[in-house]
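The structure appears right after this line, and notes come after that.
Readers should treat all values here as calculations from the given coordinates under stated rules, not as data from a laboratory. Quick caveat: nothing in here was measured; it's all calculated off a predicted structure. Positions of Cβ are backbone-derived with ideal geometry, glycine not excepted, and every protein chain shown enters the neighbour counts.
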Amino acid sequence: MSVDTAAPARTLAPADLAYVAVFAALIAALALVPSFLLAGVPFSFAVIGVALAGLALGPWRGAAAVGLYVAAGAAGLPIFSGGRAGLGTLFGPTGGYILSFTLAALVIGAFARLAVRRGITSRSLVWMLAGCVVARLALILPLGVAGLHLWGGMGIREALLVDLPFIPLDLIKFVVAALLAVSVHKAFPRLLGR
């Protein structure tokens, strides 16, 4: 008689798939909110959805939701900002931003997991905002600037100058996302516990 000591395989619950799909749809809806051009780059609300996916679902499910959004847009669904779609968008001037979103959700989700580990407190909001800022400065900024440089024909300095006006606007979006996430976690305290 032998004893099976292998660890049980981790499966993705149907609820996890539903969360991923719902947040991917939320990001798409936010990206399609009418936007305007700021220094030739579309101002989009998709970043709120990306942050909220990571903050509400945690690193892996949040990244999966954003990855589903990016994959659907790359496949041709017109769900990127301004109704754009396809691989041409991913490898166009603003493609670096879109490509950074999945990694950003992963980092933001890791901070969210730390933020709610001991319950929702005033520190939770600070940790969530910190995760958003770290993701913006360490991932979205450099990958976005790289896209503007590589596929938009801008110099690095010019691309940085194009990105700078978006940072304070994104901080406002992150505050909104963090406040919403705190409310979500108060209402569903075990959402990140899976």
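Numbers at a glance
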| quantity | calculated |
| --- | --- |
| Spin-label pair T121/A29, simplified geometry with 7 Å Cα→Cβ offset, distance in nm | 3.4 |
| Among G119, G147, G67: highest mean-square fluctuation, GNM of the chain, C-alpha pairs under 10 Å | G119 |
| Charged-residue dipole, Cβ positions (Lys, Arg, Asp, Glu), the chain about Cα centre, Debye nearest 20 | 580 |
| Using alpha-carbon coordinates, inclination of helix 141-152 to the longest axis of the chain, degrees | 40 |
| Estimated FRET transfer efficiency when R0 is 25 angstrom, pair L171-A13 (beta carbons, to 0.05) | 0.15 |
| At R0 = 35 Å, FRET efficiency that the Cβ-Cβ distance of V133 and A21 yields, to 0.05 | 0.80 |
| Listed residues A112, A65, A21, most fluctuating in the chain (Gaussian network, C-alpha, under 10 Å) | A21 |
| Translational diffusion coefficient (Stokes-Einstein; Kirkwood radius from C-alpha pairs) of segment 68-194 at 20 °C, 1.002 mPa s, in µm²/s | 137 |
| Dipole-positive endmost among L191, A105, G86 within segment 15-193 (Cβ charges, Cα centre) | L191 |
